[in-house]
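The structure under discussion appears below in the form of structure tokens.
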Amino acid sequence: MKAAMAIFHLAALFLSVHAHALQRVQLHRKPVNALARGTRPYLSSPKSDGSSLLRQGDAVPLSNFLDAQYYGEIGLGTPEQRFSVIFDTGSSNLWVPSSSCSFFNLACRLHRKYNPDLSSTYKANGTKFEIQYGTGSLDGYISNDVLTWGGVQVKNQDFTEAVNEPGLTFVAARFDGILGMGWPTISVDGAVPPFTNMVDQKLVDQPMFSFWLNRNPDAPNGGELVLGGIDPAHVRGEHTWVPVTRKGYWQFNMDGLEVGSSQMCAGGCPAIADSGTSLIAGPTEEIATVNKAIGATSAIAMQCKGLVGQYLPAIIKAVQNMPLDLICSSLGLCPNAAKVQQQQQQQHRKLMAAGHAAEKTIRAEGEHSRGQLQDGALCGFCETAVQYVKIALHNNQTIAQIEHAVDQLCDSAFAGLDAGPAQVDCKDIPTMPTILVNIAGRAFPLRPEQYILRIDAEGSEPQCISGFMGLDVPAGPIWILGDIFLGAYHSVFDYGGARVGFAEAA
């Protein structure tokens with residue numbers, strides 16, 4: 001280890017002399033709308049032996065869109081056919097759409113495609129390829145050609161020509177394919193990963209690569225992937241190093257995660273540094289603790305609170321002048337009041353009894369309608385709110401107290417009804433707590449503006465999404481440190497030393 005450190009410091013000292021050995025790739029960003037809906041392929045597939053396996057000097061500039069995900073340019077063939085790809089440390093295969101893809105493959109039709117007939121260096125392979133995503137199976141066949149990456153040519157690179165791409169995720173994506181930067185052991189069909197080939201062909205001065213992810217969505221430069229070393233211009237202070245505990249994905253031991261008085265991953269747990277994941281993912285129960293501590297709730301609960309703010313003044317006024325059973329229908333929240341009256345009365349009694357009972361009642365009624373408020377559930381909630389408002393006014397509670405209590409009922413009643421990222425009220429960001437990620441004896445703080453994604457959509461109110469998402473995996477529990485963490489901290493993936501380093505990004 002000391003020898004490896006000495007080599008590293010010498011290389012940094014003579015960086016300007018060996019600048020030609022650093023390949024830099026500029027990064028771009030991918031849109032937010034596919035943030036968390038697709039399961040990472042390496043999180044769901046077992047190894048063939050039955051054991052679980054979580055797989056997941058020129059610049060390579062990266063593009064960045066809304067801090068969601070980062071991608072950059074590569075070339076395949078002679079002459080080059082250009083593609084935008086995600087540089088993904090959570091997988092190890094390279095794939096791009098094929099010119100022989102199905103006519104009905106919309107994702108393929110909307111993106112650039114590799115055509116072997118246009119390359120003088122193409123070599124046929126034909127081995128069938130398949131990898132599982134949350135939206136379905138991506139399949140195709142393996143080919144071989146020259147890869148141009150960061151200004152150098154990697155010869156005899158195996159890659160997949162994708163014929164079928166599942167779901168809508170790849171249809172709307174701004175990238176064409178994925179370039180895996182994990183270890184060879186998780187490569188599907190044994191294809192040698194591109195960076196491994198680069199090292200074997202001695203195309204880099206040092207067997208390492210590093211990421212700087214620019215978290216300013218308005219900046220023209222989305223970030224930078226450096227192949228073969230580190231750009232000190234994007235580093236503040238020293239890197240903290242942690243050994244890779246399992247060569248496959250970039251897995252290491254995380255000491256813990258703290259928010260306020262709550263500690264997750266107590267006593268240490270496995271974690272993955274994954275540039276192909278936008279958020280920080282972890283065990284569902286612990287992520288729920290984190291989101292509760294920062295005031296994040298489900299998207300449905302946020303919608304419910306918005307309706308409370310919209311309709312509460314009218315409800316308070318109507319309670320004084322109108323029969324209670326007519327208030328919600330007059331507001332348009334119970335369009336089928338007569339038909340569902342008996343069901344709503346039963347639901348209303350349970351809602352008043354306890355928040356947990358409310359959650360179970362509404363979940364049973366709305367299981368088939370995840371992601372949006374169902375009419376029956378909304379109607380029952382409105383009638384419960386009306387009853388509460390009447391009691392609260394009788395007890396001389398203020399409007400602010402009533403709104404706070406009904407907001408809490410939103411959290412209880414609609415908790416867990418959608419599996420997407422939790423949301424927060426954007427105006428609360430300045431008062432949210434700092435979260436500590438502890439690695440190798442060092443605390444890496446994440447401020448609210450670093451772990452909250454703000455989405456400013458034209459013509460509508462901005463939305464603020466929690467950077468923490470629950471994800472339970474067969475080989476877990478495990479934490480996945482995605483771009484939320486890697487954007488705050490410059491990351492080095494030392495292939496030769498089998499270690500990962502983190503330092504404050506500059």
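What is the sum of charges around PHE444, taking Lys and Arg as +1, Asp and Glu as -1, for the other residues whose C-beta is under 14 Å from the C-beta of PHE444? Residues near PHE444 contribute -1 overall. Paramagnetic label reach from LEU393 (point 7 Å along Cα→Cβ; backbone nitrogen cut-off under 13 Å): within the stretch 288-324, residues 312-324. Principal semi-axes of the equivalent ellipsoid, √(5λ) from the alpha carbon gyration tensor of the stretch 188-259, are 24, 21, 14 Å from largest down. Rolling a 1.4 Å probe over the heavy atoms of the protein chains gives the stretch 102-148 an accessible area of 54 Å² per residue. A rounded overall shape is assigned to the stretch 154-285, the ratio a/c of its alpha-carbon gyration tensor axes (a ≥ b ≥ c) being less than 1.5. Note on ASP456 and LYS292: their simple-model spin labels are 3.4 nm apart, each label 7 Å out from Cα toward Cβ. Counting every Cα pair in the stretch 134-208, what percent are over 19 Å apart? Taking all Cα-Cα pairs of the stretch 134-208, the fraction more than 19 Å apart is 42 percent. By accessible area, using a 1.4 Å probe on protein heavy atoms only, the stretch 86-147 has 55% of its surface on carbon and sulfur.
Accessible area per residue for the stretch 271-311 is 32 Å², calculated with a 1.4 Å probe on protein heavy atoms, without ligands, DNA or RNA.
The residues MET469, MET264, sorted by heavy-atom accessible surface at 1.4 Å with ligands and nucleic acids left out, run MET469, MET264 from largest to smallest.
The values are calculated or read from the model by the stated rules, or taken from the named source; none is laboratory data. For clarity, every value in this text was computed on a predicted model and none was experimentally measured. Every residue, glycine among them, receives a Cβ derived from its backbone with ideal geometry; neighbour counts consider all protein chains shown. Calculation scope for accessible area: heavy atoms of the full protein, side chains included, ligands and nucleic acids excluded. Shrake-Rupley method; radii C 1.70, N 1.55, O 1.52, S 1.80 Å.
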